[in-house]
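Working notes for the structure below.
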Amino acid sequence: MNEYYAGVKMLTFPKMNNGGFIEVEGLKDVPFEIKRIFYIFGKGNVGTVRGKHSNRKSEFVLYNIKGKSKVKTIDEDRNEVVYELNEPNQGIYLPKMVWKEMYDFTEDSVLMVLTNEYYDSGEYIRNFDDFVTEMKKLGEK
Ligand code: TYD
């Protein structure tokens, strides 16, 4: 397993106020300074697969503040691991370069995404073969 995939891990955020309040702090609860958040929600996502890319700079934390979804990581040897997001205080941390796919969204799913970078389409690898080539090159360095 390469260093990027070795860094994938589930995170648990502290619950406060009898469990009805969740706090997420940059560099404390997630391993980066948070520069951008976005969320993926709505019935239109049911049955779709989102993501399907790797990022050269961005790291992410994804968690379902409502409903459920799944995140699949695929490495350059096509090994797949599936993570279920179904708790508002449990997220998955994805280091840069990790290929990810989000799917199995429930109708009520609200998937929160935190990241360390502003949006830059140029740092996305959207073709799986290109991703494999870049990963093999990184492995040779
Ligand atoms: P995309 O990365 O394909 O979304 P997902 O990973 O959820 O499948 O992005 C969808 C569109 O939204 C695409 O046109 C780029 C744009 N976008 C932004 O403008 N800002 C963002 O922060 C993100 C994630 C996407």
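The values are calculated or read from the model by the stated rules, or taken from the named source; none is laboratory data. Note that the structure is predicted; figures quoted are calculated from it, not measured. All Cβ positions, even for glycine, are placed from backbone atoms using ideal geometry, and neighbour counts span all protein chains on display.
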Handout entry: Matching option when the condition is among the small types (Gly, Ala, Ser) and over 25 Å from ASP120 (Cα atoms), among GLY47, GLY42, GLY7, GLY91
Key = GLY47
Practice task
Just give me the residues in region 82-132 being surrounded by fewer than 14 Cβ atoms within 10 Å (Cβ to Cβ) and over 19 Å from ILE40 (Cβ atoms), in sequence order.
Solution key: GLY122, ASN127, ASP129, ASP130
Practice task
Could you please tell me which pairs satisfy a Cβ distance under 7 Å, a separation of 6+ or placement on different chains, a first residue in region 30-41 that is at negative phi, and a second residue that is part of a loop (DSSP other than H, G, I, E, B) and exposed (fewer than 15 other Cβ atoms within 10 Å of the Cβ)?
Solution key: GLU33/LEU27; LYS35/TYR118; ARG36/TYR118; ARG36/TYR119
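Each row is one residue, and each column tells you yes or no for (1) away from the ligand (no atom under 11 Å from the Cβ); (2) touching a Lys or Arg at 6+ places or on another chain (Cβ under 8 Å); (3) within 19 Å of ASP104 (Cβ to Cβ).
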{"position": "PHE21", "(1), (2), (3)": "yes, yes, no"}
{"position": "LEU27", "(1), (2), (3)": "yes, no, no"}
{"position": "PRO31", "(1), (2), (3)": "yes, no, no"}
{"position": "ILE37", "(1), (2), (3)": "no, no, no"}
{"position": "ILE40", "(1), (2), (3)": "no, yes, yes"}
{"position": "LYS43", "(1), (2), (3)": "yes, no, yes"}
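Report yes if LYS28 is at pLDDT 95 or above and over 14 Å from the mean Cα position of the chain (by Cα), otherwise no. Show your work before the answer.
Working: at pLDDT 95 or above: yes; over 14 Å from the mean Cα position of the chain (by Cα): yes.
In short, yes.
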Exercise for the section: Any chance you could count how many residues in region 73-101 are over 22 Å from ASP29 (Cα atoms) and within 16 Å of the ligand (Cβ to nearest atom)? Expected result: 3
Problem - Scope region 87-141; condition β-branched (Val, Ile, Thr) and in a strand (DSSP E or B); matching residues - result: ILE92, VAL110, VAL113, THR115, ILE125
